[in-house]
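Values in this text are rule-based calculations from the coordinates and carry no lab data. Since we're looking at a predicted model, the values are computed, not measured. All Cβ positions, glycine included, derive from the backbone under ideal geometry; neighbour counts span all protein chains shown.
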Amino acid sequence: MNIELVEKIANAVLYEGYMLYPYRPTSVKNRQRFNFGSLSPKAYSEALLLARVERIGEERVKAALESLGQPTDEPVVAKWIVEFLEGRKL
């Protein structure tokens with residue numbers, strides 16, 4: 001067994017637990033932003049990308065801006081949310 005690999009896995013698991021618990025204002029999870037995906041208006045996303053050109057590079061920003069123009073599943077997701085809130089089954 002590779003002890004270095006075991007240590008890496010143990011450290012990752014311990015850090016994940018450290019991020020999640022305990023439930024108190026001073027815990028790391030409550031002091032650091034940790035979003036698993038977020039939704040924001042297109043204009044905000046564009047402004048954020050343009051503000052970070054130096055940090056992430058023109059090529060990546062250009063690709064990201066182009067991706068903002070791609071069709072999304074917003075109508076379908078909105079329908080699911082409305083149906084959920086109205087108590088309907090999907």
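The table below gives the values:
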| item | result |
| --- | --- |
| Cα gyration tensor, segment 39-90 - rounded (a/c under 1.5), prolate or oblate | prolate |
| Mean Cβ neighbour count within 10 Å, used as a protection proxy, ranking 71-83, 45-57 highest first | 45-57, 71-83 |
